[in-house]
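Please treat every number below as a calculation from the coordinates, not as lab data. Remember, it's a predicted structure, so these values are computed and weren't measured experimentally. Cβ atoms come from the backbone with ideal geometry, glycine included; neighbour counts cover every protein chain shown.
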Amino acid sequence: MPKARTVLKIAALALAAAVQVLPAHALTEQEQRGRTLAAGLCGGCHAVGKAGASPRPAAPAFRDLDRQLDLDKFTQRLREGLLGTHEDMPMFRFSRDDATALVSYLRTVQGP
């Protein structure tokens, strides 16, 4: 019986370690592509993840975008050309695939 308890303890520890290592939500390939786009094109000004401050304080954190705009319509805005509301925001125009990937990623980082 002591051997069985030892095996159970080891199994419980291994399971606990695995739960701590695994992300709560593994990104799909499309979401990973969106994260890469966000980091490369937007990360210089915006906080693009679930935490952290934007490098430019006036730039909204991506995790709060669903409070400011309709993500269902944002894909089309990205395709038509996204022009910022301030002079430091460059103009972006995304392909359909890139716009869809970026919005898919944005959905994964939205706050509660």
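Report note on the peptides 63-71, 40-48: ranked by the mean count of other C-beta atoms within 10 Å, highest first, their order is 40-48, 63-71. In terms of Cα atoms, the Rg and Dmax of the stretch 27-109 work out to 11.7, 34 Å. Approximating the spin labels as points 7 Å out from Cα along Cα→Cβ, the D97-to-L82 distance works out to 1.9 nm.
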